[in-house]
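In what follows, a structure is listed as structure tokens, so that the remarks can point back to it.
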Amino acid sequence: QVQLVESGGGLVQPGGSLRLSCAASGSRFSMYVMGWYRQAPGKQRELVAVITSGGNTNYADSVKGRFTITRDNAKNTVLLQMNSLKREDTAVYYCNQAGRGTVYWGQGTQVTVSS
């Protein structure tokens, strides 16, 4: 059983930055696709960014140029650097691990962008 633990959420003003971190338990972390998703109140969960085992990345159009996803396979960690945050980025952010027929989710971390 894999556990994903997110951290780094909080309250930030528009234009500010936050860095989310997701620590994964289990072995063979480097073999999995890791992703960040978010869910705002009253909306469906949506993809924010993913990074493959080979380091290829993909972003939602709404965050391109502002967010960066990276992974550290030695530390079983995936990061999401969020810059130039907007009010519409407010949501619960979830870490996701997928591959080899399995999908795991973290418990989520709240990001609130407000003045």
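The values are calculated or read from the model by the stated rules, or taken from the named source; none is laboratory data. From a predicted model like this one, the values you see are computed outputs, not experimental measurements. Glycine gets a Cβ as well: all are built from the backbone with ideal geometry, and neighbour counts include every protein chain shown. In case anyone asks, the SASA skips ligands and DNA or RNA and just uses the protein heavy atoms, side chains included. Shrake-Rupley method; radii C 1.70, N 1.55, O 1.52, S 1.80 Å.
Hey, can you find the accessible area per residue of the range 35-88 for me, probe 1.4 Å, expressed in square angstrom? Before the final figure, lay out each step's value.
Working: 3080 Å² over 54 residues.
Per residue, the range 35-88 has an accessible area of 57 Å².
Note down the magnitude of the dipole of the chain about its Cα centre, charges +1 on Lys and Arg C-beta and -1 on Asp and Glu C-beta and zero elsewhere, to the nearest 20 debye.
For this selection, approximately 80 debye.
Note down the relative contact order for the chain as a percent, whole number, built from C-alpha pairs under 8 angstrom at least six residues apart. Don't skip to the answer; put the middle values down first.
Details: 277 pairs, mean separation 42.1, N = 115.
37 percent.
Put a dot 7 Å past each Cα toward the Cβ at ASN73 and SER30; how far apart are the dots in nm?
Each label point is offset 7 Å from its Cα along the Cβ direction, giving 0.4 nm.
Near LYS86, which lysines are there with a Cα under 25 Å away, not counting those fewer than 8 places off in the same chain?
Filter leaves LYS43, LYS64.
Using a 1.4 Å probe on the protein chains only, how many percent of the accessible area of the chain belongs to carbon and sulfur? Before the final figure, lay out each step's value.
Values: 2800 of 6110 Å².
Here carbon and sulfur together make up 46 percent of the probe-accessible area.
Return an integer: the convex hull volume of the alpha-carbon atoms of the chain, in Å³ per residue. Show your work: numbers first, answer last.
Working: hull volume 10.8 nm³, N = 115.
Dividing the Cα hull volume of the chain by its residues yields 94 Å³.
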